[in-house]
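> Sharing a structure, written as C-alpha cells. Questions coming.
The values are calculated or read from the model by the stated rules, or taken from the named source; none is laboratory data. Predicted model only: the values in this text are computed from it and were never measured. When we count neighbours, we look across all protein chains shown, and the Cβ atoms used for this are built from the backbone with ideal geometry, even at glycine.
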Amino acid sequence: MRKIWLLLLPGCTLFAGCYKNFQVKPPEGYVKPVLNALLVRDSLLKIRVSQSTAPGDRSVVYRNDALVKFYGDDEFWGIMTLRREPRDTYFVAGPFDTGKRIRISAEVPGFPLVEGESVIPAASPDMETEIRLTIPPFGPTKFNILFRLHDPGGQRNYYRIRILPKDTAEYSRDFFYPPLELTYSGIENWGFFGDDDAREVFFDDAMFDGRVPVLRFTGESYNRMPEYEVELSHLSHEAYLYLRSLELQRRRETNDVAEKVKVFSNVRNGLGIVGGMAVRRWRVRPL
C-alpha cells in the first residue's frame, strides 16, 4: 500500500502544477463613451454622458468632464450645462421647437468625438380610450382596453402604448411600478405588435396610415392601485428602434434558447441613443 502512494505522489504533484491564474481583459476598444438622449417634446433636453464598463459591472461611470454641444438643422445652438442632483447627473438645455433635426455631440477626453441626431416629433395624435376594470374579491384586477388612434396621414409614424400603475400615497410617489403586461385581443395578428405579451407595445402606421384604427388589449394586475395612466408616445424612428429593441431584449433575457437581441444605437464613435418623442397621458380611476 505504501508503494502505491509513493507512485501516485508524482502524478498528484504534476496535476497540481497544471493550475495557473489568468486575468482576462476585455478586447481593445471595449470601453466607449455612452450618450443617452431621449428628447421629449415641451421638456428640457436632458443628456447623460457616461462610459461603458466591463461585462457584469453594473456601475455607472459619469463623464462630467464632457463638453456637450447641440445643433438644430446643423445650426449651432449652444453648449449644454451640467446639472447635479442627489441621484442623477446630466447636461441640460432647451426646450426647443419640434420638427428640427437635432444633433448632440460630446467631446469626452481620451475618446473621439461622439454624436447622434434625431427629430422631436409633433404632439402625439388624439386617442379615445375606453377602459373597463373588473375587480373581483380575490385575484388580480382585470383590464379590457380599447383605443381609437387618430393617425395623421402622409408620413410614417411610430408609437408606443403603456399602462402605468400609479400610487397616489404621499410616501410612495417616487416609486415607479412597472407597466402592466398587455395581450392584444383585436382581430389582427398579435405578431403585428410583438411576439409575446408585452409591457410596452410598439407599432407603426404602415397598415392604417391616416385612418382611425381600433386597438383592443387585455391585461391584469395584482397591484390594486387607486389610479392608472394610459400613455401614448409618438416616437422618432431612432427612438422606436432603440426602445423596441430594449423591450425585446427584456422579454428574451431569461430565455437561453431564444435569439439574443442587439440593442439599437445611432451614436457614432460610441454607444447609446439620440431619439425624440412626444408623450400624452390619460388618467384612469377604477370604479
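> Out of (1) crowded, with 17+ Cβ neighbours inside 10 Å; (2) within 30 Å of S221 (Cα to Cα); (3) touching a strand residue (DSSP E or B) at 6+ places or on another chain (Cβ under 6 Å), what's the single condition that is false for S105?
Of the numbered conditions (1) crowded, with 17+ Cβ neighbours inside 10 Å; (2) within 30 Å of S221 (Cα to Cα); (3) touching a strand residue (DSSP E or B) at 6+ places or on another chain (Cβ under 6 Å), the odd one out for S105 is (2).
> A further question on this structure: Specify the residue that is surrounded by the most Cβ atoms within 10 Å (Cβ to Cβ); the eligible residues are those in region 204-225 that are of a type outside the set (A, V, I, L, M, F, W, C) and farther than 15 Å from P179 by Cα.
This residue is D205.
> Over 17 Å from N144 (Cα atoms), surrounded by 14 or more Cβ atoms within 10 Å (Cβ to Cβ) and modelled with pLDDT of 85 or more: is that true of L248 in this structure?
no
> In region 106-138, which residue that is of a type outside the set (V, I, T) and without any contact (Cβ under 8 Å) to a residue 12 or more places away in the chain is farthest from Y242 (Cα to Cα)?
My answer is P137.
> Among the residues of region 80-101, is there at least one that is touching a Pro at 6+ places or on another chain (Cβ under 9 Å), over 18 Å from V267 (Cβ atoms) and not aliphatic (A, V, I, L, M)?
Checked region 80-101: at least one residue is touching a Pro at 6+ places or on another chain (Cβ under 9 Å), over 18 Å from V267 (Cβ atoms) and not aliphatic (A, V, I, L, M).
> Sticking with this structure for a sec: Which residues, counting only those in region 251-272, are among the aliphatic types (A, V, I, L, M) and at pLDDT below 95?
Listed by number, the residues that qualify are V257, A258, V261, V263, L271.
> Still on this structure, I have one more. Mind listing whichever residues of region 31-43 are modelled with pLDDT of 90 or more and of a type in the set (K, R)?
If the condition is that a residue be modelled with pLDDT of 90 or more and of a type in the set (K, R), then K32 is the only one that fits.
> Would a scan of region 133-143 turn up a residue that is under 17 Å from V201 (Cβ atoms), surrounded by 14 or more Cβ atoms within 10 Å (Cβ to Cβ) and in contact with an Asp or Glu (Cβ under 9 Å, 6 or more places away or on another chain)?
yes
> Separate question: Before we move on, is P95 crowded, with 17+ Cβ neighbours inside 10 Å, under 26 Å from L44 (Cβ atoms) and either in contact (Cβ under 8 Å) with a residue 12 or more places away in the chain or in contact with a helix residue (DSSP H, G or I) (Cβ under 9 Å, 6 or more places away or on another chain) (or both)?
no
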